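First comes the structure, then the notes that go with it.
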Amino acid sequence: MSSILTNSSAMVALATLNNVNMKLNDTQNRVSTGLQISSGKDNAAYFAISETMKGDSGMYESINDGLTSTKNSIATARLGAETVSDLAEQFTERVAFAQGNGVNLGDVQSELDSLVTQIGLAIGQSTFNGDDLVSGAAATVTVVSGVSRSGGTFAATTLSFSSVDLGAIQTALGNIDLENLDTGGTDTAVPDTLTEALTMAETQLGAAIAAATSLGVSEKTIEGQQSFLSSLTDTIDSGISSMVDADMESEAARLQALQVQQQLATQSLSMANQAPQNIMSLFR
């Protein structure tokens, strides 16, 4: 039965066209944005997870940048410690030379004084952006190395390393005066004999080597953490991509199919709207 008041075929065709248009709009949005999930309405769970992980990825990148500054400070301090170690080795060699007979201690002491001065210059220049890890008393330095969401709680993770006291090495070597030994034996910081002077110099050389080694280990640790953070950030970004990014090959195929469906639905609606015109022929 045909009716001029109700066109069921047009209603079905219109509903089909609206449904196709809705799907087409969604597909076009995915193609234009590259995202399958761009808001909470697309998939609330995935959207919440992806936004949280995006935040973590951004924090890891910022922390990695901060560690770069710390690494540069340690690298500068390490260079200073290695320089002091080299100078302390030369100092020890000159004191060892002074153990022989007929050596002019005044000439040797002039060399030692020059080496102590060079050590002071190296210490003064071994800072990065005002960060001094070499001239003060050795202290523990703690830096943020990452974040953790273990057990559903958020917390910052840290790395600790020790600064070094190269100033103490300079002071100890500066107390060695081969021309004015403490023959009275009353001051423990000043050697009593040439042999004791050599022992003190060797001790400070060992301290300089230990300082350089300690800073080298700290620098390597920071580098390792930075490498881990870079890999972790890449992994997180890849995981986020797999959750929210659109599969562009599939979306392109779907877009073409929906465009064809849209054309067919439009033609179907046009045909359905023409049906009531057939009734007019009955009145001619």
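The values are calculated or read from the model by the stated rules, or taken from the named source; none is laboratory data. Just so it is clear, the structure is predicted and the values come from calculations on it, not from any experiment. Backbone-built Cβ (ideal geometry, glycine too); neighbour counts: all protein chains shown. With ligands, DNA and RNA removed, areas are computed over all heavy atoms of the protein, side chains included. Shrake-Rupley method; radii C 1.70, N 1.55, O 1.52, S 1.80 Å.
So that you can scan it fast, the table gives a plain yes or no per residue for (1) farther than 30 Å from PRO276 by Cβ; (2) part of a loop (DSSP other than H, G, I, E, B); (3) open to solvent by 50 Å² or more (accessible area, probe 1.4 Å):
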residue: VAL12; (1), (2), (3): no, no, yes
residue: VAL20; (1), (2), (3): no, no, no
residue: ASP26; (1), (2), (3): yes, no, yes
residue: ALA48; (1), (2), (3): yes, no, yes
residue: TYR60; (1), (2), (3): yes, no, no
residue: ALA81; (1), (2), (3): yes, no, no
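Using the structure shown, decide if GLN125 is out of contact with any Leu (no Cβ under 7 Å at 6 or more places or on another chain), in contact (Cβ under 8 Å) with a residue 24 or more places away in the chain, open to solvent by 70 Å² or more (accessible area, probe 1.4 Å) and not aromatic (Phe, Trp, Tyr).
Answer is yes for this residue.
Please pick out the residue among ASP56, ASP65 that is on the phi < 0 side of the Ramachandran plot and loosely packed, with under 12 Cβ neighbours inside 10 Å.
Only one candidate passes the filter, namely ASP65.
Show the residue pairs that are 6+ apart or on different chains and have beta-carbon atoms under 7 Å apart, the first residue being within segment 76-91 and of a type in the set (Asp, Glu), the second being open to solvent by less than 50 Å² (accessible area, probe 1.4 Å).
GLU82/ALA212; GLU89/LEU205
From the residues in segment 246-260 that are at pLDDT 85 or above and under 13 Å from ASN21 (Cα atoms), which one is least open to solvent (accessible area, probe 1.4 Å)?
Once the filter is applied, the top-ranked residue is ALA257.
Would it be correct to say that LEU181 is of a type in the set (A, V, I, L, M), part of a helix (DSSP H, G or I), touching a Leu at 6+ places or on another chain (Cβ under 8 Å) and under 30 Å from PHE97 (Cβ atoms)?
no
Checking the conditions here, which among ALA189, ALA210 is outside any helix (DSSP H, G or I) and small (Gly, Ala, Ser)?
ALA189
Would you be able to tell me the number of residues in segment 113-143 that are in contact with a helix residue (DSSP H, G or I) (Cβ under 6 Å, 6 or more places away or on another chain) and farther than 14 Å from ALA168 by Cα?
Result for segment 113-143: 6.
Looking only at segment 230-252, count how many residues are free of Cβ contacts under 8 Å to residues at least 60 places away in the same chain and either of a type outside the set (S, T, N, Q) or assigned to a loop (DSSP other than H, G, I, E, B) (or both).
Qualifying residue count for the region: 2.
Picking from ALA168, ALA156, ALA137, which residue would you name as being part of a strand (DSSP E or B) and free of Cβ contacts under 8 Å to residues at least 60 places away in the same chain?
From the options ALA168, ALA156, ALA137, the qualifying one is ALA156.
Take segment 49-72 and flag every residue that is within 26 Å of SER163 (Cα to Cα) and touching a residue at least 24 places away in the same chain (Cβ under 8 Å).
Passing the criteria: TYR60, GLU61, ILE63, ASN64, GLY66, LEU67, THR68, SER69, THR70, LYS71, ASN72.
If the requirement is being in contact (Cβ under 8 Å) with a residue 24 or more places away in the chain and open to solvent by 60 Å² or more (accessible area, probe 1.4 Å), which of these qualifies: THR221, THR193?
The conditions single out THR221.
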